[in-house]
């Protein structure tokens, strides 16, 4: 870039040091040690090691990219890589001289062994510098490749690493379908075999290169197809998607289906909050309240214990949803005149009130206080109790599909436009003849209905509920997942739920660092991709104001 | 017969009297202007008509119906529509979507119909979209329908705001400084456009305007506000020669010596 100052060595060193400090931080808080128990490639790479190398790799790549001259790119990235090794090397050195564990409990011999590759202080430091330098060199070289090929290599790497990360789960699945022998040809002791890892990397990279070369041609061919056929293709895609969703539990097995059910419940809540926050722009921080109301209504109505009425799931379901809707309207009415921060605070309070009420002695004879409500039966369908995750899956799926359908239809209707206008400028929207009371209450009510439905299914799935399951963090979680996915975007809700609910379930070791990861993810998201992973068209255009093309020419006459 | 009558309207903000005992009649099918120095209470009066503010005293009658006390959305349904001094489009919505929102008072479908896509809903939406496209063409923005309102050039934004106001098929259109920030050619164009609205669509128009060339050129009746009080009303000729108006604009002392054929642009 001509306007930018040349990216000199000092900057490269800075980049490297930043990366090194990130790695150092991750190590000192204990993440590295914990995650190195998960192997990605047998005997070669653990998740902990990946974590140490991730920041140096990314930042040395950045160093190469920021270099104005190609000849300097490799030098810069190697220097950045070497600099990144320095903080970790310092850790090795200090640990050999002092007992650092007094101050940093997580600086264990295990950690040092990971960082110095088990080779002692001096050799270890040398290897560390060499490894980081090599990573820098690799990044510099990759940077020099054609953008297409570079992208394909990264795709291959990411796919390989993801498969490696979930080796344990995949091993189990492969065993279930193809037997132990087959799974052994790919995975060994819960990690990818090095040869297989290399094959995956190469195959995916080559495939990706071929795809980028021919993909445009296929797209062009698709554009020429007449509208009728296009619609048929679209309908076909939907049929395939629905079929996959329908058959999913068969492939996933019971553990992964259980995870999927949890994700599904959050998707359902996300779809509801997406209407309130994403469409209508009403920031609701007490969204968990409707979830709790749905769950408690279901619990009280169906429980076979002392507190329950004992009616069937299907009878209680509409009652739970109705209760949530009523709560939504009750909350919505007093806050009609509030906006932004004030609305957020009031709804936050509402969420807490519901939780505290459920926990209170006053309602203990109805809601069980801190002991909660037990003995909630699982739903029955045509005489069979839906006990297995694979059976409950369909209840969750039906709920999500219904909510997605309602959201989708409404967003493309008069009501959707009213919500959008409300979000943009409430006063003007009202002056255009939009009834604010009705429009806002509909947003609250429909959002609450989805959350109530999620709560009802949740109660029935868990068979017992307690007030502490309905804390503020649920509201925050749901809000985060629609932000990460992309505000106002329906596929974004699914993506967000998979990342924020699904991933932590699969990476159990992370549990301790869950909120650290959350925070880091949110910060990185807001800086790098504020519109979310799968933004709606509206959100995309909103957040990229400055990248828009120049305004259209004012050449149209006034008549 | 007057379509809008304001009787002794007073609006106070604490100790400040923004509009004081203001009475005003607007003939159906006419173009009238309210002028006055900055801070005279013109926009406050607009806000009283459209329900943004509630007048403390007095009443506003539109089409035989008293409208003060109603909320802005009800007033929009009565057939009053407006634009804003600082353009207030829905910036992140496209031009077409802006106009579609403007059509709200005319749309009849119930939200549940959207879920089932009833024939009535589909037809209503289709009609609304066609009407929006027609309006876009009417204000000369053909082809810019998919542009975000934010990305349109200033003049186009002004016209889009008028198109949005027209979408509800109002009987009365309030324009708050429609030519602000325009060069003489553009304001002449806008002037013709406003006249066209009245002549072709039979819409009564009330303007707030600072550009005296525009005011004198198209108004049939002008009302002058100063510090919230009406100091003069009449035809452009009468206003141009009214000493109190000249005084309000130029200050005491200059009034006597000033030729007063052309009021100074403020």
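The values are calculated or read from the model by the stated rules, or taken from the named source; none is laboratory data. Everything numeric here is computed off the predicted structure, so don't read it as measured data. No Cβ is skipped: glycine too gets one built from the backbone with ideal geometry, and neighbour counts run over all protein chains shown.
Could you list all residues from the stretch B:62-77 that are surrounded by fewer than 18 Cβ atoms within 10 Å (Cβ to Cβ) and either modelled with pLDDT of 95 or more or part of a helix (DSSP H, G or I) (or both)?
Correct list: B:74, B:77.
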For this session: Tell me the helices (runs of 4 or more DSSP H) entirely within the stretch A:8-68 that contain at least 1 residues that are over 17 Å from residue A:86 (Cα atoms).
Result: A:31-35, A:47-66
For this session: Name every residue in the stretch B:95-135 that is buried (at least 23 other Cβ atoms within 10 Å of the Cβ) and not in a helix (DSSP H, G or I), in order of residue number.
Result: B:103
Exercise. Is there a residue being over 24 Å from residue A:424 (Cα atoms), outside the structural domain of residue B:93 (by TED's automatic domain parsing), free of Cβ contacts under 8 Å to residues at least 40 places away in the same chain and in contact with a helix residue (DSSP H, G or I) (Cβ under 9 Å, 6 or more places away or on another chain) anywhere in the stretch B:162-179?
Worked result: yes
Exercise. Out of (1) within 30 Å of residue A:252 (Cα to Cα); (2) touching a strand residue (DSSP E or B) at 6+ places or on another chain (Cβ under 6 Å), the odd one out for residue A:383 is which?
Worked result: (2)
Exercise. So is residue A:458 touching a strand residue (DSSP E or B) at 6+ places or on another chain (Cβ under 9 Å) and either in contact (Cβ under 8 Å) with a residue 60 or more places away in the chain or farther than 21 Å from residue A:353 by Cα (or both) or not?
Worked result: yes
Exercise. Is it true that some residue in the stretch A:17-26 is farther than 25 Å from residue A:140 by Cβ, touching a residue at least 12 places away in the same chain (Cβ under 8 Å) and touching a helix residue (DSSP H, G or I) at 6+ places or on another chain (Cβ under 9 Å)?
Worked result: no
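One residue is enough: does the stretch B:54-72 have a residue meeting the conditions outside the structural domain of residue B:143 (by TED's automatic domain parsing), touching a strand residue (DSSP E or B) at 6+ places or on another chain (Cβ under 7 Å), free of Cβ contacts under 8 Å to residues at least 12 places away in the same chain and more than 30 Å from residue B:196 (Cβ to Cβ)?
yes
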Exercise. For the stretch B:37-59, what are the residues that are surrounded by 19 or more Cβ atoms within 10 Å (Cβ to Cβ) and over 16 Å from the mean Cα position of the chain (by Cα)?
Worked result: B:40, B:55
For this session: Could you pull out the residue among A:272, A:349 that is crowded, with 21+ Cβ neighbours inside 10 Å and more than 20 Å from residue A:378 (Cα to Cα)?
Result: A:272
For this session: Could you check, for the stretch B:133-144, whether at least one of its residues is in contact with a helix residue (DSSP H, G or I) (Cβ under 6 Å, 6 or more places away or on another chain) and under 22 Å from residue B:208 (Cβ atoms)?
Result: yes
Exercise. Where in the stretch A:375-492 are there helices (runs of 4 or more DSSP H), lying fully within it, with 3 or more residues that are under 30 Å from residue B:71 (Cβ atoms)?
Worked result: A:389-411, A:414-424, A:426-431, A:436-462
Exercise. When the stretch B:143-172 is examined, which residues are found to be within 7 Å of chain A (Cβ to nearest Cβ) and outside any helix (DSSP H, G or I)?
Worked result: B:144, B:147, B:148, B:152, B:153, B:168
Exercise. If residue A:76 satisfies every condition in (1) over 21 Å from residue A:51 (Cα atoms); (2) surrounded by fewer than 22 Cβ atoms within 10 Å (Cβ to Cβ) but one, which is the exception?
Worked result: (2)
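Answer yes or no: is there a residue in the stretch A:102-112 that is surrounded by fewer than 18 Cβ atoms within 10 Å (Cβ to Cβ), free of Cβ contacts under 8 Å to residues at least 24 places away in the same chain, in contact with a helix residue (DSSP H, G or I) (Cβ under 9 Å, 6 or more places away or on another chain) and not assigned by TED's automatic domain parsing to the domain that holds residue A:154.
Yes, the stretch A:102-112 has at least one match.
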Exercise. When you scan the stretch B:98-127, how many residues do you find that are touching a helix residue (DSSP H, G or I) at 6+ places or on another chain (Cβ under 6 Å) and either at the interface with chain A (Cβ under 8 Å from one of its Cβ atoms) or over 27 Å from residue B:197 (Cα atoms) (or both)?
Worked result: 11
For this session: Take residue B:35 and decide whether it is touching a residue at least 40 places away in the same chain (Cβ under 8 Å), farther than 19 Å from residue A:431 by Cβ and not assigned by TED's automatic domain parsing to the domain that holds residue B:235.
Result: no
Problem set entry | Single residue of the stretch A:192-233 satisfying the filter (modelled with pLDDT under 85 and outside any helix (DSSP H, G or I)) that is nearest to residue A:156 (Cα to Cα) | A:225
Problem set entry | Residue list for the stretch A:142-167, restricted to those being exposed (fewer than 15 other Cβ atoms within 10 Å of the Cβ) and over 18 Å from residue A:208 (Cβ atoms) | A:144
